[in-house]
Structure formats: structure tokens, C-alpha cells
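Everything on this sheet refers to the single structure shown next.
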């Protein structure tokens with residue numbers, strides 16, 4: 001358990017006890033958010049379930065452990081979107097259902113991970129539900145969801161649910177300090193939704209510089225600097241999902257600053273932004289930004305450059321009027 005992140009250990013403690021007492025459920029739903037390292041917990045469960053020598057742990061040297069480490073164990077199956085950002089098709093779930101009814105090749109458990117579970121459409125979800133209701137012997141389904149509100153209630157009702165929570169503040173800070181000697185401004189935690197893995201990556205890859213550049217270009221563009229508006233659009237297009245999420249945090253902090261809600265976690269540019277837009281305009285633009293993010297996320301074939309440029313022009317027009 002030493003190789004698990006600190007905030008995952010409580011869940012593993014209960015899972016381990018369930019495995020050792022043969023009470024581990026056939027269907028588990030693991031709710032998480034990105035940046036909490038849930039993949040580590042999934043890998044640990046896979047190693048333990050597939051190990052030929054132990055019940056609640058794994059040896060690391062048996063044939064099954066070696067297969068897991070190489071990613072070739074025949075009793076482990078990951079069902080995920082075939083295209084990045086796409087959905088999990090009904091054909092994938094039919095294949096998954098077929099696997100569930102087969103016999104383990106190592107006379108042990110079979111583990112089927114569906115991730116992210118919310119990527120299933122209604123047809124795929126209903127197809128999986130039929131298999132979950134029968135719970136095949138020695139076959140464990142682990143559904144991993146980052147947006148559990150999008151799952152069908154009937155799916156959730158068939159699962160034992162576990163939530164990977166954002167770690168307590170001191171646990172988060174102590175872990176970050178053990179991983180990097182870099183300075184960690186308070187607002188970088190907020191900017192990354194207090195997700196430890198995302199914060200560490202943000203610091204180690206100098207994304208703070210990228211954020212500050214985007215923030216400054218936005219402020220300049222809002223002061224009718226057309227050249228900076230064009231440059232900002234090009235910059236945002238490099239990773240629109242991530243960079244627009246950063247701007248969402250900036251805009252929400254700017255709204256809070258109108259009510260004097262400023263602390264060490266407030267993004268510095270929020271104060272500048274609040275001086276350019278009143279609260280009502282900030283609220284309106286934040287809503288439009290949310291809509292922009294949703295359109296880009298759900299419809300990747302749309303012209304992102306046009307969508308982002310239109311939003312920025314509309315934003316600068318708010319100041320002009």
C-alpha cells in the first residue's frame with residue numbers, strides 16, 4: 001500500500017478487507033475527479049485481484065503479476081473510448097458482456113474496467129445493465145466516473161459506490177512539498193481544483209508561466225488591444241479545454257472580488273478583471289464562457305478559432321459599451 005497516494009489509502013483499506021473476507025462486490029462505481037490519481041487505485045486493485053499467491057496483496061513475481069505489469073493479463077479488460085474524447089459504443093459493451101460470461105483463463109477473478117463510465121450512451125448503458133443485473137461469478141465490474149451525474153440512475157443503483165475525495169488541505173500541501181522544492185503559490189491550488197497530480201504537473205512543467213501569459217493577454221485584449229486578442233486566440237487554441245477552464249476560475253474569482261472575497265487562493269488577475277467589468281457583466285460573460293467550453297467539449301469538429309474569437313470580441317464589446 002506504500003505506493004498509493006495518501007488520499008487513496010482509506011478506500012484501499014476497505015477494499016482490502018472485503019477481498020480478504022470474500023465480500024468484495026461484483027459491481028463497483030468509483031467516482032472521482034481528474035488529477036486525483038484514481039488510475040493508481042485501479043492498477044493496485046488489478047494487481048491484487050490477478051496475483052496467484054495472495055488475497056489482499058500481490059507478490060509482484062508470479063506469472064500473473066508479470067502479465068499485469070506488462071499490460072497483457074488475459075483476465076483484465078479496459079473498456080474506454082476508441083477515440084480520445086469520444087463515446088463508448090454499444091458494440092464495445094456487447095464485447096464486454098461476452099467477456100463477462102467467459103471463464104477466467106487463470107482460474108481466478110476477471111476484472112472489467114469501464115472508464116469513463118459516463119462515456120456510454122443510453123443504448124450502451126442499457127446493454128451493460130442487463131449484465132450487471134446477473135453479476136457473473138468471479139467477474140468484477142469497476143465503473144470509473146468523473147461525471148457521475150451523467151450516469152443512468154439504474155446503472156448507479158446496481159453499484160456499490162465509492163468516492164475519491166480531494167485530500168484535506170494539510171495532506172495536499174505535505175504531499176506537494178515532498179514532491180517538489182518549487183514555490184507553490186496558493187492560487188495554483190485553486191486554479192487546478194485542488195487536484196494534487198494536476199497541481200504538481202502545473203508546477204513541474206512551468207504551466208504557471210503559460211497561465212500568467214494568458215491572463216496578461218486577456219487583460220490587454222480587454223483594453224482594445226486587437227493584436228493581443230489575435231495572439232490570445234492562437235494561444236487558447238493550443239489546448240482550449242484546459243486554458244478556458246483556467247479562465248473560468250479567473251472569472252469566478254473576479255466575481256467574488258466584487259464582494260471582497262479575496263484571500264491567498266484568489267487568482268491575482270481577478271482583481272484587475274473586476275476593475276474592467278462590473279459584477280453583472282462578469283456573471284454574464286462567465287455564463288457565455290461556460291457555454292463556449294461545453295460546445296468545444298461536446299462538438300470537437302466545430303470551428304474552435306471562430307467560437308473563441310467571437311467570445312473574446314463579445315467580451316471586449318462589454319467594456320466598450
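The values are calculated or read from the model by the stated rules, or taken from the named source; none is laboratory data. Computed from a prediction, not measured in an experiment: that's the story for all the values here. Backbone-built Cβ (ideal geometry, glycine too); neighbour counts: all protein chains shown.
Could you tell me whether any residue of segment 226-242 is within 18 Å of residue 189 (Cβ to Cβ), free of Cβ contacts under 8 Å to residues at least 40 places away in the same chain and in a helix (DSSP H, G or I)? Yes. The helices (runs of 4 or more DSSP H) located wholly in segment 91-208 that include 3 or more residues which are free of Cβ contacts under 8 Å to residues at least 40 places away in the same chain occupy 122-134, 153-157, 169-179, 196-204.
Please verify whether residue 100 is surrounded by 14 or more Cβ atoms within 10 Å (Cβ to Cβ), over 23 Å from residue 6 (Cα atoms), within 23 Å of the chain's Cα centre (by Cα) and not assigned by TED's automatic domain parsing to the domain that holds residue 301, treating the condition exactly as stated. Answer is no for this residue. Return the total of residues in segment 69-86 being closer than 24 Å to residue 146 by Cβ and either at pLDDT 90 or above or over 26 Å from the mean Cα position of the chain (by Cα) (or both). The number of residues fulfilling the criteria is 7. From the list 259, 251, the one residue that fits, being outside the structural domain of residue 35 (by TED's automatic domain parsing) and exposed (fewer than 13 other Cβ atoms within 10 Å of the Cβ), is 259. Put simply, of 72, 53 the only residue that is within 14 Å of residue 110 (Cα to Cα), part of a loop (DSSP other than H, G, I, E, B), assigned by TED's automatic domain parsing to the domain that holds residue 112 and free of Cβ contacts under 8 Å to residues at least 24 places away in the same chain is 72.
Just one of the numbered conditions (1) assigned to a helix (DSSP H, G or I); (2) surrounded by 14 or more Cβ atoms within 10 Å (Cβ to Cβ); (3) out of contact with any helix residue (DSSP H, G or I) (no Cβ under 7 Å at 6 or more places or on another chain) is not true of residue 33: (1). Candidates in segment 298-312 are the residues that are in a helix (DSSP H, G or I) and exposed (fewer than 13 other Cβ atoms within 10 Å of the Cβ); of these, the one that is modelled with the highest pLDDT is 306. Against the numbered list (1) closer than 30 Å to residue 84 by Cα; (2) over 25 Å from the mean Cα position of the chain (by Cα); (3) not in a helix (DSSP H, G or I), residue 262 comes up short only at (1). Selection within segment 19-30: residues that are outside any loop (DSSP other than H, G, I, E, B) and at pLDDT below 95. The member of this set that is surrounded by the fewest Cβ atoms within 10 Å (Cβ to Cβ) is 20.
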